[in-house]
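Accompanying notes for the structure given below.
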Amino acid sequence: MAADQRSKADTLALRQRLISSSCRLFFPEDPVKIVRAQGQYMYDEQGAEYIDCINNVAHVGHCHPLVVRAAHEQNQVLNTNSRYLHDNIVDYAQRLSETLPEPLCVFYFLNSGSEANDLALRLARHYTGHQDVVVLDHAYHGHLSSLIDISPYKFRNLDGQKEWVHVAPLPDTYRGPYREDHPNPAVAYANEVKRVVSSAQEKGRKIAAFFAESLPSVGGQIIPPAGYFSQVAEHIHKAGGVFVADEIQVGFGRVGKHFWAFQLQGKDFVPDIVTMGKSIGNGHPVACVATTQPVARAFEATGVEYFNTFGGSPVSCAVGLAVLNVLEKEQLQAHATSVGSFLMELLRQQKIKHPIVGDVRGVGLFIGVDLIKDEATRTPATEEAAYLVSSHIPSLPPPRSQESQGFGMVGWHGRKQIPSSAYSFIPQYPGGAFPVQ
């Protein structure tokens, strides 16, 4: 707490001296010094109150008392690794299994979404015996070297595309090649994946996996057309690969209608592997991989133990269970539906009034607003979007109504290079996207 007593200028000077500039701040020209948070609100060193519209981790609200209590109580009793028998890890796995399709019944616990996606890649390669990966354009799947390699959003600014990585078009019906007027965009975009797979195979490559966020977030808050994943899975399975659904940013009820975003694609679609992170622990480092028995058995057949020092600890699992309890007790999934619908309607009204708003899209509290310079060409309004996402205005006065509660993700997009989640407004516990003035 001593650091909280420093002036903002002193803290900034120390950070600039001690912390790498690669670890960027929000609002770098005028950083906000946040000293505490509660629910959907954050407070700076002067006591100014902000609605948190950036955080994509505090899924049930900052410092939720039930989550804090669960961590504190378990910390007082035991916190060790998962090599000892303990009820928390099996209780948590059982609770998660109840939210997933039956085939997804084997769980691995880790500390971050990056670790989860890295393990998913290992699982896919061991199961298939193949190496290559198909990903969507503009995708981001984590910061480990293995994941930078399958993240076009990152690798295009670094070492470029590896020969074992194959990029398919983003299934974007607003800006992509197959738009809202196409008779069957799901099939058209899935055929692009088929084309990418065939091209790889002609070069002697073998596909291990198709990786995709169930709703591409960094790629621009994209809602894939219904049926797209099923068609893609058919092509990938035919090539001997598996389908990995990255739910790290979009899972746990955010979409309202379903607990998992991949379920928007229909009850018959089941991924081979699902990865979870970020919101799963409400700020505590928790992540998870869920997969099928055949995939898990192939990994086990190597004889190599999978051990994660902190993954699946009694405290981490207690926190994960508490988050699930809050989601259920406070009916936050239903809030995501009702508040998301309300927000979407408000944004559509803005679209009618302001030509700069080209598209409003989303489901639950996963919402994108596409800003344009020209309706006919849909030229991205890059500068205007950058201005919007650089704002941080204290809320005066804050809305306190129950109706404002929910969780979600709202992104402003107007860039030729699709912005990262750092350029998105992401309200978790509140239902609004804008700081109230």
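The values are calculated or read from the model by the stated rules, or taken from the named source; none is laboratory data. Just so you know, these numbers come straight off a predicted model, no measurement behind them. Methodologically, a virtual Cβ is constructed for each residue, glycine included, from the backbone with ideal geometry; neighbour enumeration extends over all protein chains shown. Protein only, heavy atoms only, side chains kept; ligands, DNA and RNA dropped before computing areas. Shrake-Rupley method; radii C 1.70, N 1.55, O 1.52, S 1.80 Å.
So ILE207 passes all but one of these: (1) within 18 Å of LEU365 (Cβ to Cβ); (2) in contact with a strand residue (DSSP E or B) (Cβ under 7 Å, 6 or more places away or on another chain); (3) among the β-branched types (Val, Ile, Thr); (4) buried (at least 24 other Cβ atoms within 10 Å of the Cβ). Which condition number does it fail?
(1)
Can you say whether LYS194 is open to solvent by 30 Å² or more (accessible area, probe 1.4 Å) and in a loop (DSSP other than H, G, I, E, B), as far as the supplied structure shows?
No: the conditions fail for LYS194.
In this structure, does VAL77 turn out to be open to solvent by 50 Å² or more (accessible area, probe 1.4 Å) and either in a loop (DSSP other than H, G, I, E, B) or farther than 20 Å from ALA296 by Cα (or both)?
Answer is yes for this residue.
Return yes or no: is VAL67 of a type in the set (Val, Ile, Thr) and either over 30 Å from ASP268 (Cβ atoms) or part of a loop (DSSP other than H, G, I, E, B) (or both)?
So VAL67 passes the test.
What's the number of the only condition in (1) touching a Phe, Trp or Tyr at 6+ places or on another chain (Cβ under 7 Å); (2) at pLDDT 95 or above; (3) of a type outside the set (A, V, I, L, M, F, W, C) that GLN221 fails to meet?
Tallying (1) touching a Phe, Trp or Tyr at 6+ places or on another chain (Cβ under 7 Å); (2) at pLDDT 95 or above; (3) of a type outside the set (A, V, I, L, M, F, W, C), GLN221 fails exactly one: (2).
What about ALA186, is it out of contact with any Ser or Thr (no Cβ under 7 Å at 6 or more places or on another chain), among the aliphatic types (A, V, I, L, M), under 24 Å from HIS237 (Cα atoms) and assigned to a helix (DSSP H, G or I)?
yes
Could you pull out the residue among PRO28, PRO65 that is open to solvent by 60 Å² or more (accessible area, probe 1.4 Å) and either in contact with a strand residue (DSSP E or B) (Cβ under 7 Å, 6 or more places away or on another chain) or more than 22 Å from TYR387 (Cα to Cα) (or both)?
Exactly one of PRO28, PRO65 is open to solvent by 60 Å² or more (accessible area, probe 1.4 Å) and either in contact with a strand residue (DSSP E or B) (Cβ under 7 Å, 6 or more places away or on another chain) or more than 22 Å from TYR387 (Cα to Cα) (or both), namely PRO65.
Report whether or not VAL167 is in contact with a Phe, Trp or Tyr (Cβ under 8 Å, 6 or more places away or on another chain), of a type in the set (Val, Ile, Thr) and more than 22 Å from ILE280 (Cα to Cα).
Judged against the criteria, VAL167 is not a match.
Quick test for you: out of ALA58, ALA37, pick the one residue that is closer than 23 Å to SER279 by Cα, in a loop (DSSP other than H, G, I, E, B) and either of a type outside the set (Lys, Arg) or at pLDDT below 95 (or both).
Sole residue among the options that is closer than 23 Å to SER279 by Cα, in a loop (DSSP other than H, G, I, E, B) and either of a type outside the set (Lys, Arg) or at pLDDT below 95 (or both): ALA58.
Any chance you could count how many residues in the stretch 177-212 are over 18 Å from ALA139 (Cα atoms), acidic (Asp, Glu) and under 25 Å from the mean Cα position of the chain (by Cα)?
1
Which one of PRO169, PRO177 is open to solvent by less than 40 Å² (accessible area, probe 1.4 Å) and either among the aromatic types (Phe, Trp, Tyr) or at pLDDT 95 or above (or both)?
Answer to the selection: PRO169.
Going by the structure shown, is VAL274 part of a strand (DSSP E or B), open to solvent by less than 30 Å² (accessible area, probe 1.4 Å), within 30 Å of THR377 (Cα to Cα) and not small (Gly, Ala, Ser)?
For VAL274, the condition - part of a strand (DSSP E or B), open to solvent by less than 30 Å² (accessible area, probe 1.4 Å), within 30 Å of THR377 (Cα to Cα) and not small (Gly, Ala, Ser) - is not met.
Scan the stretch 207-220 and tell me whether some residue there is touching a residue at least 60 places away in the same chain (Cβ under 8 Å) and among the aromatic types (Phe, Trp, Tyr).
yes
For a quick check of your reading of the model, give me the residue pairs whose first member lies in the stretch 148-161 and is farther than 17 Å from ALA116 by Cβ and part of a loop (DSSP other than H, G, I, E, B), whose second is open to solvent by less than 20 Å² (accessible area, probe 1.4 Å) and not hydroxyl-bearing (Ser, Thr, Tyr), with beta-carbon atoms closer than 7 Å and at least 6 apart or on different chains.
Pairs that qualify, where the first residue is farther than 17 Å from ALA116 by Cβ and part of a loop (DSSP other than H, G, I, E, B) and the partner is open to solvent by less than 20 Å² (accessible area, probe 1.4 Å) and not hydroxyl-bearing (Ser, Thr, Tyr), are GLN161/PHE155.
Quick check on my filter: what residues within the stretch 287-303 are in contact (Cβ under 8 Å) with a residue 24 or more places away in the chain and either open to solvent by less than 10 Å² (accessible area, probe 1.4 Å) or not in a loop (DSSP other than H, G, I, E, B) (or both)?
ALA287, CYS288, VAL289, ALA290, THR291, GLN293, PRO294, VAL295, ALA296, ALA298, PHE299
Any idea how many residues of the stretch 84-140 are part of a helix (DSSP H, G or I), among the hydrophobic types (A, V, I, L, M, F, W, C) and either open to solvent by 30 Å² or more (accessible area, probe 1.4 Å) or at positive phi (or both)?
Residues that pass the stated criteria total 2.
Give all pairs with beta carbons closer than 9 Å in which a residue from the stretch 348-361 that is more than 13 Å from ASP374 (Cα to Cα) and surrounded by 12 or more Cβ atoms within 10 Å (Cβ to Cβ) meets a residue that is of a type in the set (S, T, N, Q) and modelled with pLDDT of 95 or more; count only pairs at least 6 apart in sequence or on separate chains.
VAL360/GLN350; ARG361/THR173
When you scan the stretch 370-384, do you find a residue that is over 24 Å from the mean Cα position of the chain (by Cα) and in a helix (DSSP H, G or I), even just one?
Yes, some residue in the stretch 370-384 is over 24 Å from the mean Cα position of the chain (by Cα) and in a helix (DSSP H, G or I).
Please work out if ALA120 is touching a strand residue (DSSP E or B) at 6+ places or on another chain (Cβ under 7 Å) and closer than 25 Å to ARG254 by Cβ.
Here the answer is yes, as ALA120 does meet what is asked.
Answer with yes or no whether PRO183 is of a type outside the set (Phe, Trp, Tyr), touching a helix residue (DSSP H, G or I) at 6+ places or on another chain (Cβ under 6 Å) and at negative phi.
No, not satisfied.
Report whether or not PHE366 is aromatic (Phe, Trp, Tyr), open to solvent by less than 20 Å² (accessible area, probe 1.4 Å) and out of contact with any Phe, Trp or Tyr (no Cβ under 8 Å at 6 or more places or on another chain).
yes
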